[in-house]
Amino acid sequence: MAVKQTKRIFELAADAATHFRLRAPSLPAHPLQSYEEAKSAFEGPLPEKGENAEAVIAELAAKAERGLMMATGPRFFGWVIGSSHPVGVAADWLTSAWGQNTGNHHAAPAAAAAETAAAQWLLELFNLPQESSVGFATGATVANFTCLAAARGEVLRAVGWDADAKGLFGASPITVLIGDDAHATVFSALQFLGLGHDRVVRVATNSQGTIEVSAFAGAIAAVNGPCIVILQAGQINTGGFDDFEKLVPLAKAKGAWVHVDGAFGLWARVPQTTRSLASGIELADSWATDGHKWLQTPYDCGYAIVRNELAHRRAMTIAASYLPTAAEGERDPTHYVPELSRRARGFATWSIIKTLGRRGIVEMIERHCRVARSMAETLAKEPGVTILNNVVLNQVIVRFGTDAEAERGDQLTRDTIARIQQDGVCFAGGAMWRGRQIMRISVIGGETSDEDGRISAEAMIAAWRKIRDDAH
Ligand SMILES: *Cc1c(COP(=O)(O)O)cnc(C)c1O
């Protein structure tokens, strides 16, 4: 492609992106198009003849825009979804433009180096054991998978079995203890690892979705042989934390590997004001978290952190004669994740941490927690609105309608969510919690301010009043 055309398409993309991002705060929080509509915009016969690149990029921008969720806007509370910080986006553009295959440090020295530096910063931010290794994965799903692969290898190695070489056939069975309200993707990770999503001991949880210590004590007492314990920092609905200080020592006394899914909750380690929620988490063996949630990196980015680097590397080893090997102290990014060829995720992580600094990250997390608390307080004052969780972090569970009318409350809650989405001031979604329809609020967008929280809580109340009055 001619130099001039390359320049033009890069500029076109930058202009379209700028235009989109600047308008995001004032656009409806929901997509303007359904999936079906978006599909018919994109579908067409396979092009036989290539088209002009500029026209293609312009067409892409025009077609996609109507089907975009405003997750980058300040009043998006739909899921635990970050907002792609502009500096991360800029770093990611460079990442794509540079086209670095980040498998090893010979093929991509700068990419491997940025990961090394960013990994060190992450360990410091989370105050986790400094000897831990960090893999840059696609997200917490794969980070959980990676950490649990290391766990599987080590608990079997301890009984003299090399699972990485021999697989699970003939191995001692591994007992997996997991909280009843763990994230669905952790069960998928267990499925991928041959540990089975059903073949686990589900430990009872309390009203906040966190593990009952007494139930756990009973379950771990019954364990004999290799064991993996999976705990959670930040339950997807309540934001609740397992009691690491009590649970980890119980697990360790049995020789279990303790893994923590902290996709967003691990970030509570950064501000002093939320740190105590996760105290004792540093006693675990591995931790999975996301960059694309609370750190606001563009998609996709997650981190697999393992205390025992050797266990981490053994589980992810790819050996081939044409691949150079890393010497002591050199990082080959592929040693810590399942993929060989992949994106250089260290650049965006490095840039965002450098731009925000520890203080900027603290400010953002504290602001989100404050907005969540104040939205919950405002909503709780409205007759017929109930907050179902202790708002310890950034998550709020809302229920519309009084408890006496349980079935009807489900319908009223669904209708209110639909109304809120349709009004478009903000976006929140639904879920089932303890057998009931709820609305979830996740405060995690980088730009979300106290004022956005206030406007959104008001819009939610206005929507609820309309539904309530229509129902009468
Ligand atoms: C989001 C989330 C995951 C999955 O993370 P992805 O980044 O979507 O792969 C796992 N666990 C928890 C608690 C989460 O919030």
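Among the residues of the range 257-290, just one is more than 27 Å from F136 (Cβ to Cβ) and either among the small types (G, A, S) or under 15 Å from the mean Cα position of the chain (by Cα) (or both), namely S276. Of everything in the range 213-255 that's part of a strand (DSSP E or B) and touching a Gly at 6+ places or on another chain (Cβ under 9 Å), which residue is surrounded by the most Cβ atoms within 10 Å (Cβ to Cβ)? If we take residues in the range 213-255 being part of a strand (DSSP E or B) and touching a Gly at 6+ places or on another chain (Cβ under 9 Å), then I230 is surrounded by the most Cβ atoms within 10 Å (Cβ to Cβ). Elements of the type strands (runs of 3 or more DSSP E) sitting completely within the range 363-455 and holding at least 3 residues that are open to solvent by less than 10 Å² (accessible area, probe 1.4 Å): these cover 395-400, 436-442.
Condition check for T297 on (1) within 12 Å of the ligand (Cβ to nearest atom); (2) within 27 Å of P226 (Cα to Cα); (3) hydroxyl-bearing (S, T, Y): one failure, at (2).
V80 satisfies every condition listed in (1) outside the structural domain of A112 (by TED's automatic domain parsing); (2) part of a helix (DSSP H, G or I) except (2). Among the residues of the range 299-310, those identified as closer than 24 Å to P86 by Cα and surrounded by fewer than 24 Cβ atoms within 10 Å (Cβ to Cβ) are Y299, D300.
For every residue, the table says whether it meets (1) within 13 Å of the ligand (Cβ to nearest atom); (2) at pLDDT 95 or above; (3) in a loop (DSSP other than H, G, I, E, B).
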site	(1), (2), (3)
A268	yes, yes, no
W287	yes, yes, no
K293	yes, yes, yes
I305	no, yes, no
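The values are calculated or read from the model by the stated rules, or taken from the named source; none is laboratory data. What you see is a predicted model; the values in this text were computed from it and never measured. A quick note on method: Cβ atoms are made from the backbone with ideal geometry, for glycine too, and the neighbour counts reach across all protein chains shown. These area figures cover heavy atoms from the full protein model, side chains too; ligands, DNA and RNA do not enter into them. Shrake-Rupley method; radii C 1.70, N 1.55, O 1.52, S 1.80 Å.
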